[in-house]
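Data block below; observations after.
The values are calculated or read from the model by the stated rules, or taken from the named source; none is laboratory data. Since the model is a prediction, treat every value here as computed from it, not as a measurement. Note that we place each Cβ from the backbone using ideal geometry, even for glycine, and neighbour counts take in every protein chain shown.
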Amino acid sequence: MERRDGISQQVVDELVDVFAEKRLPDFGYKYLQLDAGYCGGGGGPRSFLEWNESKFPGGAEDAMKKIRSAGMKPGIWVHRVYRSYVDKYLPEIAKQHPDWFVRKADGTIYQGSYGIWTLNTANKEAVDNMVRPLFRELKRQRWDYVKIDGAGDMLYSDKQQPAAEHFKKAGIMPEESLRKWDRVARDELGRDIFILTCWGVGPGRVSVGLVDGVRLGSDGFQWNTMLGQSMMNGVAWRGDPDREYVVFEFWTQKFLGKSKGSFTAPSMDENTGMQVFAIREAREHPWVLSTTRHISQGGVSLLDEQWDADAKTLSGKSKVVIGDPYVLTVHLPEGFRLKSADVDGQAPQIADKGGTATVRIVPSATKELDWTMTFAE
């Protein structure tokens, strides 16, 4: 996989061809986003619109055309912070408009970590000339997805001295400064373009209501970055240790039984390498515990699920992909057994696994299908 300077139109073409061949858009890979490396600079807003002609001779137009040819939506990366050493325009802009950037008491431009220049978002002229034109042009180019990087860079830099002193005098908090930036991006892009903010849940909370998603992990998505998000319990998710839960491991397709309060994950052997657990609230009746479409075990494919106590049936709707075996694993409370199943008018393979039952089909088309399971006690 090419990164940074290795990206080019040729790489995009080859990657899109693989996505199309493997039917990855059918599996939910709707977006293909170009990250850093497509543009000439990357230090300021104008440089994100100047494509590297040697690597992308057709610019944004050809890149988007290729991505859309696979039934995908094109996405692009831009940054909130400016770096003078990679942007040829910034020094001259700062000379002509000294009040557009955060400055120290001696009048020199404040440079945060990694040479970051902080835009003075309290200055409307600065925002209208440095932020608004970038997103107005991305909207005109018809991108479907925009990743805006650097929320943490901008916010943490703004809280450092002497930037904090600047914002104190301007009567604006650093969080408000970041929010002003994102508000302009949303105003220009409109509500139809998906906006991803970057730098984790912490700074991302500042952009609530203005963006559509937040990148949770750091570069490379290290597992430990999720451990710092436990404060989101009860906000983005809920875990109640007083209830009983049933647990299922995705890669080994093993039912790990019921747990309350906590459960101890089994040790990984050299052939496993990774474990993904579905932890569902234990119900008094059968309920889908896992699906094989995605590691979320239902989050991508399971569209609906209903229990009819009188008829003892569990019914629902799933999104499936042609030729990809789809297995629904259902938890069986004590006394229940799977009697029969119907999937779009056909009888699928069913099996009792002891504590769980499975329904397996091989779809003949990429579509949404209805299924019903009938149980006996």
For region 118-138, name all the residues that are touching a residue at least 40 places away in the same chain (Cβ under 8 Å) and touching a strand residue (DSSP E or B) at 6+ places or on another chain (Cβ under 8 Å).
THR118, LEU119, ASN120, VAL127, MET130, VAL131, LEU134, PHE135, LEU138
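Do any strands (runs of 3 or more DSSP E) lying entirely in region 305-353 carry at least 2 residues that are of a type outside the set (Phe, Trp, Tyr), more than 28 Å from the chain's Cα centre (by Cα) and farther than 24 Å from TYR245 by Cβ, and which ones are they?
337-343, 349-352
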Count - residues of region 274-284 that are surrounded by 15 or more Cβ atoms within 10 Å (Cβ to Cβ) and touching a residue at least 40 places away in the same chain (Cβ under 8 Å)
2
Can you tell me which of ALA60, ALA20, ALA36 is part of a loop (DSSP other than H, G, I, E, B), among the aliphatic types (A, V, I, L, M) and touching a helix residue (DSSP H, G or I) at 6+ places or on another chain (Cβ under 9 Å)?
ALA36
Residue pairs meeting the criteria (Cβ under 7 Å; at least 6 apart or on separate chains; first outside the structural domain of VAL127 (by TED's automatic domain parsing), in region 89-117; second loosely packed, with under 13 Cβ neighbours inside 10 Å and of a type in the set (D, E, K, R)):
none
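So which residues in region 354-365 are surrounded by fewer than 14 Cβ atoms within 10 Å (Cβ to Cβ) and closer than 21 Å to VAL247 by Cα, if there are any at all?
Start the filter on region 354-365 by keeping residues that are surrounded by fewer than 14 Cβ atoms within 10 Å (Cβ to Cβ), which leaves 354, 362, 364-365.
Correct list: GLY354 only.
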Quick one: ILE279 ticks every box in (1) within 30 Å of ASP242 (Cβ to Cβ); (2) assigned to a loop (DSSP other than H, G, I, E, B) except a single one, so which number is it?
(2)
Out of curiosity, is GLY298 touching a Ser or Thr at 6+ places or on another chain (Cβ under 6 Å), crowded, with 18+ Cβ neighbours inside 10 Å and under 28 Å from TYR29 (Cβ atoms)?
yes
